[in-house]
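For reference, the structure discussed in these notes is given below.
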């Protein structure tokens, strides 16, 4: 297990939601470096090292992306679709977060290739438990995909 | 008859043309104008110029024969009445063309002024009516298309609206609950009992509202959903509904009596929602009973299959029975029995979508029975309201 800071990207336009996600994540015994992006365009710029983030090395990809579906400019599903089509980001673990309980949304979320689909409950205690398990799974148990695109070349 | 009817006589035989012309003049007393064309091309040209009220058409022309002649003229004449002029023995063809829209036929050699006149008058009237009908149909069709487009737009809007409600109303609830919880945790032991109680109330409020939003969305979804009819074993549906019931925290004994259920034509998914609502209501309202008894069965009443869910719970006064199925309508105080008052509204909506009826019988403390029927063998696919 790696020591040090774990990078997590939170794509969320609502600051209150972003804050609650961070609080919930911090209950895990890890030290996080949170990157907050506020719309779909910024999320893509960040992950694909474009625009404002052109200096960023895409190899410094976050270990986990928490992607709200309802993002301004480019919505979460569209962001996910772009990520899955780009060899540099195709394997990044993306957890979709949604408020909706509408079932059709779930199918729409998995279609472009979400790793997980979480409906944010109104009960904060429950939400904390979910985030706790989520973080343990993706940041501790799960072996992260190799980054840098080398694996992709052999495909 | 109107003074000046304009007749286009399409006839290549000058003798026949003359006979018809004479008959026409005899009938109208000379007040009808007759144009003669002796081949198809000429007739089509004349039609193009317009002003013709009725056509008398010989099918055998130098440049066209039989049904083709009729088809060409009909296409150009768009709605003009056509009377066929046939030779003896051509009745078969004439009848076939009447099926395709010719108004009548007269047989050469048997032309009689009175007959021709009556035939023409009827032909013109019939053609007018048919044209009017066609026009009305077209208008109607256009209106249906317009209305359908409007409905589709409204539906899309409603869908967007529902989606927004589901997201945007829930988000602030999460924040209220989350931050209230965090305040409480930060305060720890310094928070006095009253303040802790307030914090609990905030939490309960958010959860209730969350449930309300979910139920409302559900009701709206059921309203929009298209009914997908299929042969369905109700036994299975009831079993599935039972399995889906929330486990109660406090253990108590519920005696279930499940009667044999029929196999009916219905939407299985929607029927599951019906039973889940009725069964969870029965469980809820028998909570004060030490020995709860819930019965699910079907019986034949006056030839109709009536399904029912009966409990020995707290029941309700029959004078409130008509309020049972209204959305948000509750017959119990929230501190007695929790709920949003949407469940039975949803159930009723589903039953109605199936062309059925639902009603209840009860009395205070005497338990309650909810009866419903499902459209008697009537197929009602694609019911969306």
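Bear in mind that the values in this text are calculations on the coordinates, not laboratory data. Please read all numbers here as calculations on a predicted model, not as lab measurements. All Cβ positions, glycine included, derive from the backbone under ideal geometry; neighbour counts span all protein chains shown.
Specify whether the C-alpha gyration tensor of region B:1-76 places it in the rounded, prolate or oblate class, a ≥ b ≥ c being the square roots of the eigenvalues: rounded for a/c under 1.5, otherwise prolate if a/b is larger than b/c and oblate if not.
Oblate shape, in that a/c is at least 1.5 and b/c is the bigger or equal ratio.
Sort largest first and round to whole Å: the equivalent ellipsoid semi-axes of region B:132-277, each the square root of five times a Cα gyration tensor eigenvalue. Write out the running numbers ahead of the final one.
On the way: eigenvalues 396, 184, 14 Å².
Gyration-tensor ellipsoid for region B:132-277: 44, 30, 8 Å.
Taking each residue of B:29-37 in turn, how many C-beta atoms of other protein chains fall within 10 Å of its C-beta, and what is the average?
Working: counts 0, 0, 0, 0, 0, 0, 0, 0, 0.
Across the residues of B:29-37, the mean count of other-chain Cβ atoms within 10 Å is 0.
Mind listing P(r) for the protein assembly as shown? All alpha-carbon pairs, 20 Å bins, whole percents.
16, 28, 22, 19, 13, 1
How do B:262-271, B:11-20 rank on mean C-beta neighbours within 10 Å, highest first?
Output ranking for B:262-271, B:11-20: B:262-271, B:11-20.
Sorting B:130, B:199 on the 10 Å Cβ count, fewest up front, what's the list?
The fewest-first ordering by Cβ neighbours comes to B:130, B:199.
Per DSSP helix of 4 or more residues, -39500 (n - 2.57); summed, then divided by the residues of chain B. What does that give at 222 nm, rounded to the nearest 500?
So the calculated ellipticity at 222 nm is -16500 deg cm²/dmol.
Over all residues in B:164-176, what is the mean tally of Cβ atoms on other chains that come within 10 Å of each residue's Cβ? Spell out each step's value before the answer.
Details: counts 2, 1, 6, 10, 2, 2, 8, 8, 3, 5, 11, 8, 3.
The per-residue average across the peptide is 5.
Can you pull a Stokes-Einstein diffusion coefficient for chain B at 10 °C (1.306 mPa s), Rh from Kirkwood over Cα pairs, as a whole number of µm²/s? Kindly include the intermediate steps, with their values, before the conclusion.
Numbers: Rh = 28.0 Å.
Using the Kirkwood radius from Cα pairs, D works out to 57 µm²/s.
Take every residue in peptide B:216-229, count the Cβ atoms of other chains within 10 Å of its Cβ, and give the average of those counts.
Mean partner shielding for this stretch: 1.
Please say if region B:295-384 is rounded, prolate or oblate, where rounded means a/c under 1.5 for a ≥ b ≥ c the square roots of the C-alpha gyration tensor eigenvalues, and otherwise the choice is prolate for a/b larger than b/c and oblate otherwise?
Note, shape of region B:295-384 comes out oblate.
Could you give the alpha-carbon Rg of region B:24-119 over 2.2 N^0.38 Å, rounded to two decimals?
Dividing the Cα radius of gyration by 2.2 N^0.38 Å gives 1.03.
Return the ratio Rg/(2.2 N^0.38 Å) for region A:36-133, where Rg is computed over Cα atoms only. Please list the in-between numbers first.
Working: Rg = 13.6 Å, N = 98, 2.2 N^0.38 = 12.6 Å.
Cα-based Rg divided by the globular estimate yields 1.08.
Have a look at the DSSP beta bridges in chain B and tell me what percent are antiparallel, nearest 5. If you can, show how the numbers build up before the last one.
Values: 23 of 47 bridges.
The antiparallel fraction comes to roughly 50 percent.
Quick check: Cα centre of region B:355-370 to Cα centre of region B:92-142, how many Å?
What the calculation gives is 62 Å, centre to centre.
For helix B:343-353, report the angle its Cα long axis makes with the longest principal axis of the Cα atoms of chain B; keep it between 0 and 90° and round to the nearest 10°.
It is inclined by approximately 20 degrees.
Students often check this: by mean Cβ neighbours within 10 Å, which of A:137-144, A:35-42, B:168-175 ranks highest, and how do the rest follow?
Most protected by this proxy first, the peptides run A:35-42, B:168-175, A:137-144.
Using the per-residue mean of other Cβ atoms lying within 10 Å as a proxy for protection, in what order, highest first, do the peptides B:356-368, B:140-152 fall?
Highest-to-lowest ranking by the protection proxy: B:356-368, B:140-152.
In a Gaussian network model over chain A where Cα atoms closer than 10 Å are linked, find which of A:83, A:92, A:134 has the largest mean-square fluctuation.
A:134
For chain A, with a Gaussian network of springs between Cα atoms less than 10 Å apart, report the residue from A:24, A:11, A:43 with the top mean-square fluctuation.
Comparing A:24, A:11, A:43 in the GNM, the peak value goes to A:24.
Helix B:268-285 versus the longest principal axis of chain B: what angle, 0 to 90°, nearest 10, using Cα atoms?
Rounded to the nearest ten degrees, it is 30.
Treating the angle as unsigned and between 0 and 90°, give the value, to the nearest 10°, between the Cα long axis of helix B:170-187 and the longest Cα principal axis of chain B.
For helix B:170-187, the angle is close to 10 degrees.
Any chance you could run the full-extension gain for residue B:363 through residue B:302? It's 0.36 nm times the residue separation minus the Cα-Cα distance, nm to one decimal.
Value of the extension gain: 19.5 nm.
For n ≥ 4 DSSP H runs only, could you compute -39500 (n - 2.57) per run for chain A, divide by its residues and tell me the 222 nm figure to the nearest 500?
-10000 deg cm²/dmol
Hey, got the Cα dimensions of region B:44-176 along the principal axes, in Å, largest first?
97, 31, 30
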